[in-house]
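Let me begin by presenting the structure, written as structure tokens, before commenting on it.
The values are calculated or read from the model by the stated rules, or taken from the named source; none is laboratory data. In this text, all values refer to a predicted model and were calculated from it rather than measured experimentally. All Cβ positions, even for glycine, are placed from backbone atoms using ideal geometry, and neighbour counts span all protein chains on display.
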Amino acid sequence: MAEEKENVESSYTAKDLAVLEGLEAVRKRPGMYIGSTDSRGLMHCLWEIIDNAVDEALGGHCKTIEINLEADGSIEVHDDGRGIPIDKEPKTGLTGVEVVMTKLHAGGKFGSGSYAASGGLHGVGASVVNALSSRLDVEVDRGGKIHWMSFQRGTAGIFDGDGPKAPFTPQSGLRVIGKISSKITGTRVKYWPDRQIFMKDAELDMEDIYARARQTSYLVPGLTLIVNDKRTKAGKSETFFHKGGISEYCNFLQPDDPVGDVIRLAGTGNYEETVPVLDDQGHMVSTDVQREMGVDIALKWGNGYETTMRSFVNIIATPKGGTHVQGFERSITKVINEAARAAGILKKNEADVIKDDVLEGLTAVITVRMTEPQFEGQTKEVLGTNAAIKIVGNVVADSLKAFFNTTKRIDKANGKLVLEKIVGASRTRIATRSHKELQRRKNALESSSLPTKLADCRSEDVNRTELFIVEGDSALGTTKAARNSEYQAILPLRGKILNVQKASLAQMLDDKECASIIQVIGAGSGKSFELDEARYGRIILMSDADVDGSHIRCLLLTLLYRYMRPLIDSGRVFAAMPPLHRIEVIGGGGKKGEVLYTYSDDEMKKVTADLTKQGKRWKEPIQRYKGLGEMDADQLAETTMDRSKRLLRRVRVEGADDWTVLALGTQARIEVQAEPQILGESVDLFDDSFRLLVCVIPRAAVSEHPQHVGVGRQAEFLPAVTTHGDDGEFDARAFASSKFKRCTNRGGRDGRQCDSKPLYVDDVEHRR
């Protein structure tokens, strides 16, 4: 044993140690610096270069940033800031450009002189991008001259030609390639990502770039960002400029109807930080430094339930929060409680509101500006500076107290609306909890006994099991005969369930059909819903292919969306697609007994036209299914329930904010002209009181090409719409996903436009 141990020790010596020089560490472990080598890492490199330009804007030295995506795969970022220093750095003897681009921990943002607030560290971000690029060119406009320098994978040199594949000769030094007005300054960085590092399918996401540029234009008022996509012949250019700051950004982000106006909280705080500082001899000395932190927050409450929060440190997004978000959340709840009790809105005998009550329906933009922020990791997603907790908390407390104690009539009314909304959310939460406890004792929602009408399956494997929620007892017998009892369960419903969009939580729990659905799924409801507790892997809504069936499906989706949302988010909710017609071919060379199923009137017309061209005949009249009960078990299994043959439609909610719904009423239709990129999908939605034609089209397309979207009276006349209210506005309550905003006339007396979040934004057909 001793001999074996000695051999092991002798096999590990100093020669086994690797010493990585310069930027070799970045290329060896790129994920440590940019997070990953897929599309996210590629985007992160672009953010590093853009952030350096934005930091110049924060200092008041830059007004325009231009981002060019070239056809050869290169990316160029041009700013009109002061330009990277071109003089020689005394310790290295290299020019400022070469130091910034090749030295991993070097730059003008480590000290407090050049940048009062910055998001990046010149030498960290830029040098990492340089190391991960097959070629990087830098041009600096400064001192009346154009200075130029090139790099290959972090090594300075000269390319003999264009592009990263040109011959390369290593050579240090900055070269002057032209003259320019002394008043013009700026930096141009053009780089080609190294495909040896990044995955083959890694690519830039234009929507993310636009979103980031738009976000930056809000955070830095007065800064213009131009994004030019030159990768196609047509090209595309977008310009982003906003003067309103984070107040305007808060309005942009809010997903629901507002409760009051935007509330701005601003202030500063000082703190002391011990940091290593270079002395005159080049030694690192621990020094106590006084810092100042600026806090600027925009708040706005809405009547919804979702919380939309964006946090930033020197315009760098911190999607995972950090100490500044912690300080905000800790302080705001305490102040709200004090203000609500002082105003008499929260009674003495009532419990304090909690954080969830305060954050319900809140849209917040939290920004802090500070010198040398301490992030948890290279990707800068979490702020770690501890002082931010106290400073942000104090600013929130002082500013909110001043707001709620104001004597201004408008602000006082706004504050009252906010407090009433938050206290109302608290009372609803308490009532819900009390009702839930009551239900546990007195009804079968969470009892061990399942409804007797449930035809359960034998398997307990959630990955295999399916729950079919069917319409009416008439379809129960057929579906039970058509199912595979090993893994398919059947739950019949009697008529239309409660419209939970209009009903309270207590009313929903009292409804027998809603209670049975919650009980059978077995995962709870609302905030107590646990996805892992669901008894079935797929929830399939199976209703008739008619008006009532569409309405029942909408009501069921509303219940799932409001109280069992994780089922939809995880892609476990499907809508069955039963056929509408059965065509039996009887002649003309067709197979005897050949049967064709169609799912719409248009499809039926197309199929019959094709049969006519082929010289085939069919049995008249064509059978039209009025409901699932008209099918026999074999037909239902073949068309709707057999995994090998059926067609399901998965319900999704992704991207709902990017779509607009045009609801057209009496004798109205949507006209979408010849612009193919804005063609939408028309969907019929029904209620017992009215019928709507709804067209779902991209919101961006409507704003960019309004001339191509209009309302006319040319065709497809629909039954009259029942209106509600003296102003003639209609109630679109049949739509499954969310509330319609109130509608205004547009494009004619009968055409109305509504903004909403359609549930069927991205219907995906799945054959399972």
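Summary of values
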| item | result |
| --- | --- |
| Of residues in the stretch 622-645 being at pLDDT 80 or above and among the basic types (Lys, Arg), the one farthest from Val585 (Cα to Cα) | Arg643 |
| Single match in Leu346, Leu299 (criterion: crowded, with 18+ Cβ neighbours inside 10 Å and outside any strand (DSSP E or B)) | Leu346 |
| Top-ranked residue of the stretch 183-220 - restricted to ones that are under 30 Å from Ser36 (Cα atoms) and among the basic types (Lys, Arg), ranked as surrounded by the most Cβ atoms within 10 Å (Cβ to Cβ) | Arg212 |
| For Thr239: the one exception among (1) modelled with pLDDT of 90 or more; (2) within 23 Å of the chain's Cα centre (by Cα); (3) more than 30 Å from Ile410 (Cα to Cα); (4) surrounded by 14 or more Cβ atoms within 10 Å (Cβ to Cβ) | (4) |
| Test: residue in the stretch 314-333 that is of a type in the set (Gly, Ala, Ser) and over 30 Å from Ile49 (Cβ atoms) | yes |
| Only listed residue being out of contact with any Asp or Glu (no Cβ under 9 Å at 6 or more places or on another chain), at pLDDT below 75 and not basic (Lys, Arg), chosen from Glu420, Glu466, Glu437 | Glu437 |
| Which listed residue, of Glu292, Glu273, Glu306, is in contact with a Lys or Arg (Cβ under 7 Å, 6 or more places away or on another chain) and either modelled with pLDDT under 90 or surrounded by fewer than 16 Cβ atoms within 10 Å (Cβ to Cβ) (or both) | Glu273 |
| Inter-residue pairs, beta-carbon under 6 Å, first in contact (Cβ under 8 Å) with a residue 12 or more places away in the chain and closer than 13 Å to Gln196 by Cα and in the stretch 26-46, second among the β-branched types (Val, Ile, Thr) and not in a helix (DSSP H, G or I), 6+ apart | Pro30/Thr37; Pro30/Ile197; Thr37/Ile197 |
| Selection from the stretch 540-586 of residues that are farther than 30 Å from Glu530 by Cα and at pLDDT 80 or above | Pro578, Pro579, Leu580, His581, Arg582, Ile583, Glu584, Val585, Ile586 |
| Residue tally, condition part of a loop (DSSP other than H, G, I, E, B) and within 16 Å of Asp261 (Cα to Cα), over the stretch 361-372 | 1 |
| Of all residues in the stretch 602-613 being loosely packed, with under 14 Cβ neighbours inside 10 Å and either of a type outside the set (Gly, Ala, Ser) or modelled with pLDDT under 80 (or both), the one that is farthest from Asp546 (Cα to Cα) | Lys613 |
| Inter-residue pairs, beta-carbon under 7 Å, first without any contact (Cβ under 8 Å) to a residue 60 or more places away in the chain and in the stretch 450-463, second surrounded by fewer than 16 Cβ atoms within 10 Å (Cβ to Cβ), 6+ apart | Cys457/Ser485; Cys457/Glu486; Arg458/Ser485; Arg458/Glu486; Ser459/Glu486 |
| Filtered residue count, the stretch 587-601, keeping only those that are farther than 13 Å from Arg624 by Cβ and either surrounded by 14 or more Cβ atoms within 10 Å (Cβ to Cβ) or modelled with pLDDT of 85 or more (or both) | 3 |
| Qualifying helices (runs of 4 or more DSSP H) (wholly inside the stretch 461-577; at least 2 residues being crowded, with 23+ Cβ neighbours inside 10 Å and over 33 Å from the mean Cα position of the chain (by Cα)) | 474-482 |
| Residue match in the stretch 302-323 (condition: assigned to a helix (DSSP H, G or I) and touching a residue at least 40 places away in the same chain (Cβ under 8 Å)) | yes |
| Among (1) at pLDDT below 80; (2) more than 36 Å from the chain's Cα centre (by Cα); (3) of a type in the set (D, E, K, R), the one test that Lys616 misses | (1) |
| Enumeration of residues in the stretch 164-182 that are surrounded by 12 or more Cβ atoms within 10 Å (Cβ to Cβ) and hydroxyl-bearing (Ser, Thr, Tyr) | Ser172 |
